[in-house]
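Taking it in order: structure first as structure tokens, then the write-up.
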Amino acid sequence: MAQSVIEILKQEHEMVLSQLSELSGKGTSSREQKYNSMKENLIPHMIGEEKALYPRLEEDSDMRDMALESIEEHSAVKTLLSQLDSASSSEEDVWVAKLKVIQENVEHHISEEEEKIFPQMQQKMSSDELSSIGSSYEQAKKSAMPMAAR
């Protein structure tokens, strides 16, 4: 049986938070490789949520505002990532400062999803529906994979 979208997202949240935490220290070895790996996880995750999860949440009057806010939070993180992409890694202080802002945004976003959105989804949706959204999410994420490599 397909996994619940909530279980999938929580596992991915943990992984991305761990990667961000590792990148936020100074003197990180293999920083570029670790940063690219984090983006390969984070970008398809955001696209998957935007294509499979948020449209479903927007249909529910109680969750619509949270879905719209989540989309805006994703947009802010994408903008920050593109700024970080063009930042010089030779200026480690500046690079790490930008990364920490991304980390704070992602942490805030995840806590809202896990504390507000997920409990409402569990209350309002059947396990079949959560599994179905999980499958759609995985598909959307797969189609987004090549985008993350850019």
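Odds and ends about this structure:
- On the stretch given as the range 23-33, residues that are exposed (fewer than 14 other Cβ atoms within 10 Å of the Cβ), in contact (Cβ under 8 Å) with a residue 12 or more places away in the chain and outside any loop (DSSP other than H, G, I, E, B) total 1.
- Close pairs from the range 114-125: first more than 12 Å from GLU7 (Cα to Cα), partner among the hydroxyl-bearing types (Ser, Thr, Tyr) and surrounded by 13 or more Cβ atoms within 10 Å (Cβ to Cβ), Cβ under 8 Å, at least 6 apart: ILE117/SER70
- Scanning the range 47-75 for residues that are at pLDDT 95 or above and over 24 Å from GLN139 (Cα atoms) returns a single hit, ASP65.
- Members of the range 44-82 found to be in contact with an Asp or Glu (Cβ under 6 Å, 6 or more places away or on another chain) and open to solvent by less than 60 Å² (accessible area, probe 1.4 Å), listed by number: HIS45, ALA67
- Inside the range 5-22, residues that are out of contact with any helix residue (DSSP H, G or I) (no Cβ under 6 Å at 6 or more places or on another chain) and surrounded by 20 or more Cβ atoms within 10 Å (Cβ to Cβ) make up a count of 1.
- Search result, residues across the range 35-86 that are aromatic (Phe, Trp, Tyr) and over 24 Å from SER135 (Cβ atoms): TYR35
- Some residue of the range 89-96 being modelled with pLDDT of 95 or more, open to solvent by less than 20 Å² (accessible area, probe 1.4 Å) and either more than 22 Å from HIS45 (Cα to Cα) or among the β-branched types (Val, Ile, Thr) (or both): no
The values are calculated or read from the model by the stated rules, or taken from the named source; none is laboratory data. Only a predicted model underlies this, so the values are computations on that prediction, with no experimental measurement involved. Backbone-built Cβ (ideal geometry, glycine too); neighbour counts: all protein chains shown. Please note that ligands, DNA and RNA were not included when accessible areas were found on the heavy atoms of the full protein model with its side chains. Shrake-Rupley method; radii C 1.70, N 1.55, O 1.52, S 1.80 Å.
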